[in-house]
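One structure is given below, encoded as structure tokens.
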Amino acid sequence: MSTTTLVFDETVRNRFSPRSFLPTPLTEEQIYQVLSDAQYSPSNCNTQPWHVHIASGKAKDTLGQAMIQKDMEGLAKPDFSFDYADFYGDYFTRSQEQARMYYEALGVAREDSTKRHEAYLRNFRFFGAPHAAFLFMPSFGDNVRVASDIGMYAQTFLLSLAARGYAGIPQTLLGFHADTVREILGVSEQYQLLFGISFGYADPNAPTHHVRMKRIPVNESVTFHD
């Protein structure tokens, strides 16, 4: 039985987004412990709007193959828009730095479009993780508050994984083929797919394992008022 071994500040600072996992699956009990932690996440008016579907084994592999096929056909259809062109200033700079560090760790040159595409497709292979959680939500108004609730749930989920010695990576790209995921998992169209989280045990020998994204200082994002 897995128990929490890290204190809060260690958990927060040790959590990272691995892009390579060991094939070793978590047990049903281990997954349930993490889900039970995440269930205590805060939500607007206590609506608890998260609808989570966990895919493992054959179901996960079927999903991955289907999403790759759709992506190769140019048939991405996310429930929510996403475009790198929307980023600007420091936000764009940080996103480019993240990509640079990742591809350098993989040894993939910027001009090597073939290997960069192969690295891109690893998203749909869940970076080798044995499990993937797909986070669905109902639609309320402009969806901003519902999405923020899903974000708080995801953070609790990710911190619980880290505290217990597991790992997970939130992936916007897993929400790019929402209709395909709904169809394969049998999810009602009333629920929209925000993103997915691949999770399991991080591969300590992966070339990207020691890549850590920098964080800006507190005073660059927080303003104090007396």
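Taking every alpha-carbon pair under 8 Å whose residues sit at least 6 apart, the chain reaches a relative contact order of 38 percent. For PHE195, the residues whose amide H sits under 5 Å from its own are LEU135, ignoring neighbours fewer than 5 places away on the same chain, with H placed 1.01 Å from N.
When the accessible area of the range 1-61 is split by element with a 1.4 Å probe, what percent falls to carbon and sulfur?
54 percent
Relative to the Cα centre, the charge distribution of the chain, modelled as +1 at Lys and Arg Cβ and -1 at Asp and Glu Cβ, gives a dipole magnitude of about 480 debye. Rounded to the nearest 20 debye, the dipole size of the range 89-144 about its Cα centre is 200 debye, using +1 on the Cβ of Lys and Arg and -1 on the Cβ of Asp and Glu. The charge dipole of the range 111-174, taken about its Cα centre with unit charges on the Cβ atoms of Lys, Arg (+1), Asp and Glu (-1) only, comes to about 200 debye. Heavy atoms of the protein chains alone define the surface here; on that basis the chain has 59 Å² accessible area per residue at 1.4 Å probe size. Selection among PHE157, HIS209, PHE8 by position relative to the dipole of the chain gives HIS209 as farthest towards the positive end (Cβ unit charges, Cα centre). When each of the peptides 94-107, 57-70 is scored by the mean number of other C-beta atoms lying within 10 Å of its residues, the order from highest to lowest reads 57-70, 94-107.
List the DSSP H helices in the chain whose Cα atoms stretch 24 Å or more along the helix axis and whose mean Kyte-Doolittle hydropathy is at least -1.0. Sorted by number, the helices that extend far enough and score high enough are 144-163. Between PHE92, GLY200, ALA38, the Cα set farthest toward the positive side of the dipole of the chain (charges on each charged residue's Cβ, about the Cα centre) is that of GLY200. Each peptide in 207-218, 39-50 was scored by the mean count of other Cβ atoms within 10 Å over its residues; highest first, the order is 39-50, 207-218.
Lysine pair count for the chain with Cα-Cα distance under 26 Å and sequence separation of 8 or more or different chains is 8. What is the Cα centroid distance between the range 55-86 and the range 165-208, reported in whole angstrom? Using only Cα atoms, the two centres lie 9 Å from each other.
The values are calculated or read from the model by the stated rules, or taken from the named source; none is laboratory data. Note that the coordinates shown come from a computational prediction; the quantities given were computed from them, not determined experimentally. Reconstructed Cβ throughout: ideal geometry from the backbone, glycine too, with neighbour counts over all protein chains shown. Just the protein is used for accessible areas: all its heavy atoms, side chains included, with ligands, DNA and RNA removed. Shrake-Rupley method; radii C 1.70, N 1.55, O 1.52, S 1.80 Å.
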